[in-house]
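The values are calculated or read from the model by the stated rules, or taken from the named source; none is laboratory data. On a predicted model such as this, the values are computed, not experimentally measured, just so you know. FYI the Cβ positions are ideal-geometry reconstructions off the backbone, even for glycines, and counts take in every protein chain you see. Only protein heavy atoms, including side chains, enter the accessible area calculation; ligands, DNA and RNA are left aside. Shrake-Rupley method; radii C 1.70, N 1.55, O 1.52, S 1.80 Å.
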Amino acid sequence: MTKLLLIGGGHAHLSILRSLLNENVNNLEVTLITSSKFQYYSGMFSGFTEGLYDEDEIRIDLESLCSRASVSFIEDTIISFDPMQKVLLGFSGGIYSFDVISFDIGSGISSDLTRTVGLNIKPNYRFPEQIKKFRSSESPVIIGGGSAGVELALATSAWRQKQSLKNHVTLISSSPLLHSYGNKATKKIREIAKSHNLVYYENEKIDKLENNIVVTDKGTKIEYSAIMPVTGPKASSLFKQALLSTDIKGYLLVDDTLQSADYPYVFGAGDCVSLSIYPDLPKNGVYAVRQGPILWNNIKRLITGRTLVSFKPQKYYVSILSTGHKHGLFTYGDYVIYGKWAWSLKNLIDQKFMNKHL
Ligand SMILES: Cc1cc2nc3c(=O)[nH]c(=O)nc-3n(C[C@H](O)[C@H](O)[C@H](O)COP(=O)(O)OP(=O)(O)OC[C@H]3O[C@@H](n4cnc5c(N)ncnc54)[C@H](O)[C@@H]3O)c2cc1C
């Protein structure tokens, strides 16, 4: 019997669990070890923040999904890994052994502020509790002008408006808002932010915090009561500690078969890996989802001694940002379109994704 361990209940592993609902693989024993019984879906975080969805609507019950897929479920956080001895240590003290292993543990938040006064929405299961504290705070400040920061800032503004809370939300970004989406998206999101009473500062970095004041490198002073850093992903320290090959930031280095460069029986997908031939691939749920079927196919191919297949990322992908009050910003390559229909489409896609796990 081959023992397969899936570490982390991220998007790629969800795809494997869904496959196992209808598939029986001979002589394979699968176990999922993950930090929480629930996997929270980030696509619906903005809607939860705004009060459009309840907590139960944005999370997948992994324990129930595993039981239906004949996969053993263990709630634990892996803190140490010895790839040579094929053992792992969990936070609970549990020791786990395997023949083949796959990591889909996501990423953290790349800001030291999470350790000082800031809140931290990662790992994902902390999101509801953290955002609830943040959105009702007197003067909330979000750091990070990428898609996640912008969505959460606009959703917080919309929620506060519904609660008749007077103070505005502030967003501080070290680059133009939605910089990686191009100029058209930046221009549009500035318009939306202004019409939603979101105060933003672009091309400014936090220099220091003085009592309840954020001071930026341009000398701007902003009063705050809560700071939420959404500054982009940070790698888990697990892979470096295990002496596995990583990229410069510490993400597990995998080739296009999603195998570790060092051990063919170590796989990885989603935010926690860096593909050696696509080092600049953005870390988002879209790629994590697309890697799922390739990951599963390759795990089965390795076990049965067949040639593995390659993951080829698509260049463009549809992105729909929720901008508050059931409106959305649709982007695809250079196309940028704003409207109510964009949010409705996003809602439909997100609900469909969640329903796959019921
Ligand atoms: C506010 C916000 C909104 C976003 N919106 C979108 C969006 O609309 N579309 C999009 O494509 N991307 C979006 N993203 C990015 C997206 O969330 C991530 O890129 C995506 O979740 C990565 O998926 P993953 O499978 O790598 O890991 P995750 O979804 O982060 O899952 C990781 C899992 O591993 C578990 N885990 C973590 N560490 C350990 C450990 N040591 N041991 C065991 N288990 C562990 C966690 O509990 C979790 O279940 C958003 C991000 C944020 C912050």
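Quick check on segment 314-330: of everything there that is on the phi > 0 side of the Ramachandran plot and within 16 Å of the ligand (Cβ to nearest atom), which residue is nearest to the chain's Cα centre (by Cα)?
The extreme case among them is 324.
When you scan segment 301-313, how many residues do you find that are open to solvent by less than 60 Å² (accessible area, probe 1.4 Å) and within 26 Å of the chain's Cα centre (by Cα)?
4
Could you check how many residues of segment 1-46 are touching a strand residue (DSSP E or B) at 6+ places or on another chain (Cβ under 6 Å) and modelled with pLDDT of 95 or more?
20
Step by step: first the residues of segment 262-288, then only those that are within 12 Å of the ligand (Cβ to nearest atom), among the aliphatic types (A, V, I, L, M) and crowded, with 22+ Cβ neighbours inside 10 Å, then the one that is nearest to residue 99 (Cα to Cα). Which residue is that?
269
Looking at segment 178-231 only, could you name the residues that are buried (at least 18 other Cβ atoms within 10 Å of the Cβ), under 15 Å from residue 112 (Cα atoms) and of a type outside the set (A, V, I, L, M)?
229, 231
List the residue pairs whose Cβ atoms are under 8 Å apart, where the first residue sits in segment 297-310 and is over 16 Å from residue 98 (Cα atoms), the second is open to solvent by 60 Å² or more (accessible area, probe 1.4 Å) and in a loop (DSSP other than H, G, I, E, B), and the two are 6 or more positions apart or on different chains.
Pairs found: 301/307.
The conditions are (1) within 20 Å of the chain's Cα centre (by Cα); (2) more than 11 Å from the ligand (Cβ to nearest atom); (3) surrounded by fewer than 21 Cβ atoms within 10 Å (Cβ to Cβ), and residue 75 fails exactly one of them. Which is it?
Going through the list (1) within 20 Å of the chain's Cα centre (by Cα); (2) more than 11 Å from the ligand (Cβ to nearest atom); (3) surrounded by fewer than 21 Cβ atoms within 10 Å (Cβ to Cβ), residue 75 breaks only (2).
Table: residues versus (1) more than 9 Å from the ligand (Cβ to nearest atom); (2) open to solvent by less than 30 Å² (accessible area, probe 1.4 Å).
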| residue | (1), (2) |
| --- | --- |
| 34 | no, yes |
| 39 | no, yes |
| 54 | yes, no |
| 79 | no, no |
| 93 | yes, no |
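Working only within segment 188-230, note down all residues that are over 25 Å from residue 332 (Cβ atoms) and among the basic types (Lys, Arg).
Matches in segment 188-230: 205, 208, 218, 221.
Residue under question is residue 263, and the condition is that it be part of a loop (DSSP other than H, G, I, E, B) and of a type in the set (Phe, Trp, Tyr); does it hold?
yes
Among the residues of segment 153-187, write down those that are touching a residue at least 24 places away in the same chain (Cβ under 8 Å), out of contact with any helix residue (DSSP H, G or I) (no Cβ under 6 Å at 6 or more places or on another chain) and under 24 Å from residue 332 (Cβ atoms).
153, 154, 173, 175, 179, 180, 181, 182, 184, 185
Just checking, how many residues over segment 340-356 are farther than 10 Å from residue 322 by Cα and either of a type in the set (A, V, I, L, M, F, W, C) or not in a helix (DSSP H, G or I) (or both)?
7
Return yes or no: is residue 317 touching a helix residue (DSSP H, G or I) at 6+ places or on another chain (Cβ under 8 Å), surrounded by fewer than 18 Cβ atoms within 10 Å (Cβ to Cβ), closer than 30 Å to residue 193 by Cβ and not aliphatic (A, V, I, L, M)?
Against the criterion (touching a helix residue (DSSP H, G or I) at 6+ places or on another chain (Cβ under 8 Å), surrounded by fewer than 18 Cβ atoms within 10 Å (Cβ to Cβ), closer than 30 Å to residue 193 by Cβ and not aliphatic (A, V, I, L, M)), residue 317 qualifies.
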